[in-house]
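S.K.: Got a structure for you, written out below as structure tokens; questions coming shortly.
The values are calculated or read from the model by the stated rules, or taken from the named source; none is laboratory data. It should be emphasised that the depicted structure is a prediction, and the values quoted were computed from it without experimental measurement. Every residue, glycine as well, gets a Cβ built from its backbone with ideal geometry; the counts of neighbours run over all protein chains shown. We work out accessible area using only protein heavy atoms, side chains counted, and drop any ligands, DNA or RNA first. Shrake-Rupley method; radii C 1.70, N 1.55, O 1.52, S 1.80 Å.
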Amino acid sequence: MQYKDTIDDSRQYLRLALELIGKHGLPTDPLNYCIWYEYASEKNEALNTAINKHIDNNGAFSQEINLQLYNQYIASESESVTNLVREGLKKVFSEVIGAIKTTNQHFSSSEGQLESINASIVPSLSEAELENIVKQIKLEIKHLESTNGSFKDQLQQAAHEIDELKSKMAQYREESLKDPLTQIDNRRGFEKKLKEAIGRAGTDKTSLCLIIADIDFFKKVNDTHGHLVGDNVLRMVAATIKNSIKGKDLVARMGGEEFAILLPDTPFDGAMKLADDIRLAFEGLDLKKKSTGESLGKITLSFGVAIFKASEAIEDFVNRADKALYQSKNTGRNRVTGQ
């Protein structure tokens with residue numbers, strides 16, 4: 001990648017790249033910086049066309065898809081992925097540092113510190129390492145502010161932009177863990193909190209239970225009444241389950257009509273009772289269309305319950321709850337099965 005951009009252009013591309021990385025819930029690693037900086041610069045028409053088409057088709061950006069985009073539209077046969085990504089990332093941050101260094105005054109001590117920051121940009125930067133680099137840049141901005149008053153406004157603007165980027169990244173990270181339809185956690189949010197809950201259960205020697213619930217015959221609701229009604233049913237189910245739990249408990253939409261309920265510090269019998277209470281709450285509902293009063297029929301849920309076993313793999317824990325759910329499905333639905 002060869003850019004002949006002004007410093008202001010480069011800073012704008014960096015800002016857009018970071019926003020897009022956060023918006024799509026991607027890790028802040030060199031591969032993603034390389035792809036989204038290139039996209040923000042609008043210099044690679046084939047890459048931008050491919051990404052826009054993927055977005056129009058409501059496609060998610062996984063690391064596998066990002067690597068395909070990189071290999072197809074950015075990497076050349078003579079360049080290794082590692083080298084090109086490293087150099088691309090170093091260029092991005094070098095331009096930011098360059099914006100701070102550009103002044104008619106000569107700051108020898110700051111030059112050395114900035115070069116040191118630049119040298120720390122290596123392959124496979126983690127998000128924590130990125131945060132550390134941002135902190136170092138901000139500290140150097142403060143130092144330069146105290147050294148030269150005429151440069152203060154420009155440096156304060158740079159610091160403000162960095163704070164805005166950090167805030168937006170945090171906001172997008174949070175949004176990437178939520179299901180936009182139901183406003184509860186999505187699968188990514190659930191998996192993150194499941195790992196944390198298992199860690200706490202191991203440290204505190206407390207029980208941890210998982211309920212997986214699935215709306216019975218949900219396809220029939222969509223087919224009969226349309227997807228807008230189906231979406232309202234999903235929202236109602238999410239809200240009802242959320243109102244049935246408390247404290248550290250968590251409900252997440254795993255995808256489609258499947259929901260997970262994570263219950264820290266809850267015994268197996270307590271989890272079974274909660275699942276059956278929720279089942280009975282739905283069994284007693286008589287749902288109707290607001291617009292016509294037409295009955296939607298009974299909406300029931302099937303449940304699978306599992307308690308975490310010490311040293312058990314996360315996948316095995318979730319699979320046992322899944323198996324219990326499908327046992328409920330296979331034995332008549334609208335029931336609770338524990339494992």
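S.K.: Scanning for something open to solvent by less than 40 Å² (accessible area, probe 1.4 Å), within 24 Å of the chain's Cα centre (by Cα) and either within 19 Å of Gly22 (Cβ to Cβ) or modelled with pLDDT of 70 or more (or both), does the stretch 136-150 turn up at least one residue?
M.R.: No; the residues of the stretch 136-150 include none that is open to solvent by less than 40 Å² (accessible area, probe 1.4 Å), within 24 Å of the chain's Cα centre (by Cα) and either within 19 Å of Gly22 (Cβ to Cβ) or modelled with pLDDT of 70 or more (or both).
S.K.: Consider the stretch 294-322. How many of its residues are open to solvent by less than 40 Å² (accessible area, probe 1.4 Å) and either among the small types (Gly, Ala, Ser) or more than 21 Å from Ile261 (Cβ to Cβ) (or both)?
M.R.: 6
S.K.: Can you tell me how many residues in the stretch 323-336 are of a type outside the set (S, T, N, Q) and open to solvent by 40 Å² or more (accessible area, probe 1.4 Å)? Please lay out each step first, then the result.
M.R.: Step one: list which residues in the stretch 323-336 are of a type outside the set (S, T, N, Q), which gives 323-326, 329, 332-333, 335-336.
Retained after the next criterion (residues that are open to solvent by 40 Å² or more (accessible area, probe 1.4 Å)): 323, 326, 332-333, 335.
Total meeting the criteria: 5.
S.K.: Moving on to the next point. Name the pairs whose Cβ atoms lie under 9 Å apart, with the first residue in the stretch 232-249 and under 16 Å from Met272 (Cα atoms), the second part of a loop (DSSP other than H, G, I, E, B) and open to solvent by less than 80 Å² (accessible area, probe 1.4 Å), and 6 or more positions between them or separate chains?
M.R.: Cβ pairs passing all conditions: Ile241/Ile184; Asp249/Thr266.
To keep it simple, each residue is scored yes or no on (1) under 25 Å from Leu177 (Cβ atoms); (2) in contact with a Leu (Cβ under 9 Å, 6 or more places away or on another chain).
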residue	(1), (2)
Lys220	no, no
His227	yes, no
Asn243	yes, no
Gly247	yes, no
Ala252	yes, yes
Gly270	no, yes
Gly332	no, no
Arg335	no, no
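S.K.: I would also like to ask the following. Looking at Thr28 and the list (1) of a type in the set (Ser, Thr, Tyr); (2) buried (at least 18 other Cβ atoms within 10 Å of the Cβ); (3) under 26 Å from Pro180 (Cα atoms); (4) over 19 Å from the mean Cα position of the chain (by Cα), which single condition is not satisfied?
M.R.: The one condition Thr28 does not meet is (4).
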